[in-house]
Amino acid sequence: MTKIDTVAERVVAAARARGDQGLVLIAVDGMGGSGKSTLASAVARLGDAVVVHGDDFYRPMDADERAALTPAEGYDRYFDWERLRDELLTPLATGHDAYYRRYDWPSGSLATDEVHSVACAGIVLVEGVYTARPELVDHYDLVVYVDTPPEESMRRLRARGDDHGPVDWEARWRLAEEHYLSTTRPHERADLVVPGH
């Protein structure tokens, strides 16, 4: 068994311990490059869970407007946490299936030709930076924080080579993440803190 499978088993066990109502809604938060998606995939494989990506809730915005955001504004506006709450978390937390449109990265807008549905049953993981922000945390049954050293997270992000747009990613996105981590301290509020792989 791999290290990530061992960590995923811990998450599945914690989810099942909270699963008497038929749905367990889990936030998997951490820095960009910490291993959130890897962990969510492992949990989905071991626990028959559905994974929703926080990146699907990126906010459509003019590039110049996005580039002008301060770290605090970036934390508040890069991701559309209100849409995540209204389209996914609130329906699921109140016993209803959820329906949402994802952010289409190539077009910079919401995808118009698809609607994703998430049944109100089993284990549902919402993975991504900012998913455990204070405004959303009461919707979750379990908050998992993936703790990876910042240097390792940055190494992974640089190795991916993702195109983060016309403005230097580290100068804006990373500062917004650091603002989020230092002001809301999700690692201290999490039910389970796990190492990133």
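The values are calculated or read from the model by the stated rules, or taken from the named source; none is laboratory data. Values in this document were obtained by computation on a predicted structure and should not be read as measured data. In this analysis, Cβ positions are derived from the backbone assuming ideal geometry, glycine residues included, and neighbour counts consider all displayed protein chains.
Tabulated values for the structure
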{"quantity": "Elements of type helices (runs of 4 or more DSSP H) in the range 63-165, at least 3 residues being in contact (Cβ under 8 Å) with a residue 40 or more places away in the chain and of a type outside the set (Val, Ile, Thr)", "calculated": "63-67, 71-77, 150-160"}
{"quantity": "Filter pass, TYR130 being among the aromatic types (Phe, Trp, Tyr) and within 13 Å of PRO186 (Cα to Cα)", "calculated": "yes"}
{"quantity": "Residue count for the range 15-60, restricted to those that are farther than 24 Å from TRP105 by Cα, at pLDDT below 90, crowded, with 16+ Cβ neighbours inside 10 Å and out of contact with any helix residue (DSSP H, G or I) (no Cβ under 6 Å at 6 or more places or on another chain)", "calculated": "3"}
{"quantity": "Out of VAL43, VAL28, VAL51, VAL24, sole residue that is in a helix (DSSP H, G or I) and closer than 21 Å to VAL193 by Cβ", "calculated": "VAL43"}
{"quantity": "Test for ASP80: is it more than 21 Å from ILE123 (Cβ to Cβ), in contact with a Lys or Arg (Cβ under 6 Å, 6 or more places away or on another chain) and crowded, with 17+ Cβ neighbours inside 10 Å", "calculated": "yes"}
{"quantity": "Qualifying residue in the range 26-37 (condition: over 18 Å from SER153 (Cα atoms) and either of a type in the set (Phe, Trp, Tyr) or under 14 Å from the mean Cα position of the chain (by Cα) (or both))", "calculated": "yes"}
{"quantity": "Residue that is surrounded by the most Cβ atoms within 10 Å (Cβ to Cβ) [pool: residues in the range 61-77 that are of a type in the set (A, V, I, L, M, F, W, C) and closer than 23 Å to THR112 by Cβ]", "calculated": "MET61"}
{"quantity": "Per-region count, the range 1-21, residues part of a loop (DSSP other than H, G, I, E, B) and in contact with a His (Cβ under 9 Å, 6 or more places away or on another chain)", "calculated": "1"}
